[in-house]
Amino acid sequence: MKKIVRSPGSATIINAIATGFGSAFGIGLDIECVAKTTNESIKCSNDVGADTGLMEICVKDVFNHYGIDESEFGIDLKTKSKLPMASGLSSSSASSNAIVKATSSIISEEFNLKPLDDLDIINMAIDASLKAGVTITGSFDDATASYFGGVVVTDNVNRKFIIKEKMGEYSILVYMPDYCSKSGDSNKNRMKLLAPLVETAFEFARNKDYFKALTLNGLIYSAALGFNSSIAIDAIESGAIASGLSGTGSSFVAVAGDDSIDNIKYAWNKYEGMVIETKTDNVGCKIL
């Protein structure tokens, strides 16, 4: 049996680290997981040379849920990614969503068992990410924006939705610098100091003023983490509807109208790195 699952990344509207409340929206850059049954236990690989620890935890957790002995049943998973890794675009959430969905789909069909529902898949994927140490908050906002597409506003601590809806169709530009920062881990306390300001940004998101929330959140976290906020300001000056740091970096995103795309790209040319053009995603995690 073979299953192919596609799962998109997401971009940050509100980073949940400071307050426990977050917001994100799906983007067109994705991870594709190809899963096949084998006789060789669990085998995981990816096309970016990343550690397969998270992949293996996801598969084993699904096996454990169903009481499947990996010595008696095997699965081979391979992922292909259009998402830059460790850049604030929810690559871990997209990967774990796709792997859990693919594995659970195969096992439920193979053994005629009840499939996991959507939130079961999401929670299992989040728990695997926490075990693997690739998330600070559990990233319920990132995970659900990836899984369902569209835009979400969430209580990450209690894993509850405040808002879940479709996102308008916009062009999204992603600026990727030539370096990858892990400053988010070492500056958790510094980010929490700015919680009162993040709460203000979150109120914009709660009131569905997503673009104002995205820009304000990005400026706040750029200051906390030492990123150059001029990247976002240059995008806005060039006509972006909104722009800000995604996650804890190192990528910046800009929401752009069609008439501002070239101007934003030109403004970002002075920074070392690359610009990726994509769209908002309202499809989410799907079996192909």
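Coordinate-derived values only; no laboratory data. Bear in mind that the values here come from a model prediction, so they are computed numbers and not experimental data. Every residue, glycine as well, gets a Cβ built from its backbone with ideal geometry; the counts of neighbours run over all protein chains shown.
Our coupling estimate for the range 134-140, obtained by passing each phi through the Karplus curve with A = 6.51, B = -1.76, C = 1.60 and θ = phi - 60°, is 9, 9, 8, 9, x, 6, 4 Hz, Gly and Pro reported as x. As a quick test, which of the pairs 212/286; 166/192; 2/43 have an alpha carbon distance above 23 angstrom in this structure? Check vs 23 Å cut-off fails for 212/286; 166/192.
Cα centroid separation, the range 4-74 to the range 234-284: 27 Å.
For residue 188, the lysines whose Cα falls under 19 Å of its own Cα, not counting residues fewer than eight places away in the same chain, are 131.
Placing +1 on the Cβ of every Lys and Arg and -1 on the Cβ of every Asp and Glu, with nothing else charged, gives the range 171-279 a dipole about its Cα centre of roughly 460 debye.
Here the residues 118, 30, ranked from fewest to most Cβ neighbours within 10 Å of their Cβ, fall in the order 118, 30. The charge dipole of the range 145-226, taken about the Cα centre with unit charges on the Cβ atoms of Lys, Arg (+1) and Asp, Glu (-1), comes to about 260 debye, rounded to the nearest 20. Think of the chain as a dipole: +1 on every Lys or Arg Cβ, -1 on every Asp or Glu Cβ, centred on the Cα centre; then among 81, 37, 134, 134 lies furthest on the positive end. Per the Debye calculation on the chain with a single equal scatterer at every Cα and no solvent contribution, log₁₀ I(q)/I(0) for q = 0.14 Å⁻¹ amounts to -0.92.
Each residue of the range 171-279 gets 90 Å³ once the volume of the Cα convex hull is shared out per residue.
In the elastic network of the chain, a GNM with C-alpha springs shorter than 10 Å, the most mobile of 112, 263, 97 is 112. Rounded to the nearest 20 debye, the dipole size of the range 2-166 about its Cα centre is 400 debye, using +1 on the Cβ of Lys and Arg and -1 on the Cβ of Asp and Glu.
Rank-order 70-80, 242-252, 150-160 by packing density, defined as the average count of other C-beta atoms within 10 Å over each peptide's residues, highest first. Don't jump to the answer; show the numbers that get you there.
Working: 70-80: 16.8, 242-252: 27.1, 150-160: 19.6.
My ranking of the peptides, most packed first, is 242-252, 150-160, 70-80.
Applying a 10 Å radius around every beta-carbon, put 280-286, 87-93 in order of their mean neighbour count, most first. Please report the intermediate quantities before stating the final value.
Numbers: 280-286: 20.3, 87-93: 27.9.
Highest mean packing first, the order is 87-93, 280-286.
I want the local charge near residue 258. Using Cβ-Cβ distances under 12 Å, sum +1 for each Lys or Arg and -1 for each Asp or Glu among the other residues. Spell out each step's value before the answer.
Working: positive: 279; negative: 169, 259, 262, 277.
Local charge sum for residue 258: -3.
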